[in-house]
Every structure is written in structure tokens, then in C-alpha cells.
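Structure record follows, encoded as C-alpha cells.
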Amino acid sequence: MKSVPVSVFKVILAVFLWVLVFLPLGCSSYDQAGETAAEGRRRHLRNTRIDRQEMMADIDKFMLQDKPSRLTDKRIP
């Protein structure tokens, strides 16, 4: 059985410590240079809403639900 070099353990330890430090912090701060935290939050919410709308439009197009069916030429009253 081969032994793992010490440098591999150092890399694993460094990644583990990085995750422990930066994972809880995340992207919780919305403020950017030149905008308030409220403006940043509104920008994030707007981007999320637009992304969701575009995803739903793509799903509808993929499932062929974006246009009425042309199975019959008769109108349903």
C-alpha cells in the first residue's frame, strides 16, 4: 500500500479550512460600490424573477406549450 505524500494532506487541509471560513459568509452582502444594500437586494430579486420567467418560457417551448395546438382547424366555443 502506497503512502500519500504530505503535500496532499496540506492541500486537503487548506481546502477544508477555506470552506469552513468562506462558506458561512457566502454572498449575503448585497451592496456593491455605488449602490445601497436595498438597491442590491432589489437587483438580485429582479434578476431572479427574470431568470425564472425565462426558464419557464424555455420549458414551455420545449414541451410545445407555447403555441395553441393545430390538431384541428375548428374553434372551440
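The values are calculated or read from the model by the stated rules, or taken from the named source; none is laboratory data. Model, not experiment: these values are computed from the prediction. Methodologically, a virtual Cβ is constructed for each residue, glycine included, from the backbone with ideal geometry; neighbour enumeration extends over all protein chains shown.
Here are the numbers for this structure:
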| item | result |
| --- | --- |
| Residue in the range 19-37 that is at pLDDT 85 or above, surrounded by 10 or more Cβ atoms within 10 Å (Cβ to Cβ) and part of a helix (DSSP H, G or I) present | no |
| Qualifying residue in the range 41-56 (condition: assigned to a loop (DSSP other than H, G, I, E, B), over 16 Å from the mean Cα position of the chain (by Cα) and not hydroxyl-bearing (S, T, Y)) | no |
